[in-house]
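No value in this document is a laboratory result; all are computed from the given coordinates. What you see is a predicted model, and the numbers here were worked out from it, not measured in a lab. Note that each Cβ is placed from the backbone with ideal geometry, even for glycine, and that neighbours are counted across all protein chains shown.
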Amino acid sequence: MAPVEPPPCRWQLPDPEAADADGIVGVGADLAPGTVLAAYRQGLFPMHLDRRGRVLGWWAPDPRGVIPLDGLRVSRSLRRSARRFEIRVDTAFDLVMAACAEPRAGGGHWIHRAIIGAYGELHRLGWTHSVEAWDRESGELAGGLYGVAIGGLFAGESMFHRATDASKVALMGLVEILRADGDSRRLLDVQWATPHLAGLGAVEIPAAEYRRRLKDALDAPLPRAFDPP
């Protein structure tokens, strides 16, 4: 089954090439499923500009952060940690989003109620997914990530951990999913190559190159692990 295509976007979204030095291309519009999907297909993503979630911004950073699927850095200690966790897909999407939204150092504060509602609706339509690391001993959710999957694009939004290395193991699981059938058009977008993500293999590429790779990725098939039931 394919994800359910929502009604089309009713807005004229801004040109990603018009981004300012911070990567902002415009403000306004809404978080309707059709709007959000149209934005990702153009190379944009939404994020509120204020901590209260009242001003919606649309972003297209230049350079753009991506993780090459053959460039994830996995240390020996991380491989040992991976044995402690079971990777699952889409078994606890709402829990993952809620955990990612918890205020913490370096993130969480931008995932407002409106974002949770919008991406939850996209999940019910088959467009957003969670990759989860479950503790094999306790059976508890230890970490995970979520993002938007359109064809061969996976736009990672946020990740969290409650046990050492759990979010990194979830990222390992995601990369395995994207590499599963060897389609080189697949693209793992992480928006910005933060120091944390750079340590895991994220690199910066020019926005123009990102858009070229995005076009190819959108023509690739959805990974089987993300197929709706």
5 Å-binned pair-distance histogram of segment 64-226 (Cα, whole percent) = 2, 9, 18, 23, 22, 17, 8, 2, 0, 0
Hey, can you grab everything whose amide H is under 5 Å from the amide H of residue 48? Only 5+ residues off in sequence or another chain; H modelled, so Pro and N-termini drop out.
-> 57
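Could you give the dipole magnitude of segment 76-161 about its Cα centre, charging the beta-carbon of Lys and Arg +1 and that of Asp and Glu -1, in debye to the nearest 20?
In debye, rounded to 20, segment 76-161 gives about 420.
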Could you point to the residue in 71, 117, 39 farthest towards the positive end of the chain's charge dipole, with +1 and -1 charges on the Cβ of Lys/Arg and Asp/Glu respectively?
-> 71
How big, on average over all directions, is the shadow cast by the Cα convex hull of segment 16-59, in nm²?
-> 3.0 nm²
Would you list 35, 91 from fewest to most Cβ contacts within 10 Å?
-> 91, 35
Highest GNM mean-square fluctuation among 139, 117, 28, for the chain with Cα springs under 10 Å, belongs to 139
In cubic angstrom per residue, the convex hull of segment 1-137 built on its Cα atoms measures 158 Å³
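Using helices alone, what [θ] at 222 nm do you get for the chain, with -39,500 (n - 2.57) per DSSP H run of 4 or more residues, divided over all residues and rounded to the nearest 500?
-9000 deg cm²/dmol
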Which is the longest run of the chain containing none of the GluC sites (Glu not before Pro) found in DSSP loop states (not H, G, I, E, B) with at most 15 other C-beta atoms within 10 Å?
-> 1-136
Take the chain, connect every pair of alpha-carbon atoms lying under 10 Å apart with a spring to form a Gaussian network, then pick out the residue of 207, 101, 21 with the largest mean-square fluctuation.
-> 21
Amide H neighbours of residue 157 at under 5 Å, excluding residues fewer than 5 places away on the same chain, with H built from the backbone geometry, are 146, 147, 148
Cα-centred dipole magnitude for segment 64-226, charges only on beta-carbon of K, R (+1) and D, E (-1), debye, nearest 20 = 380 debye
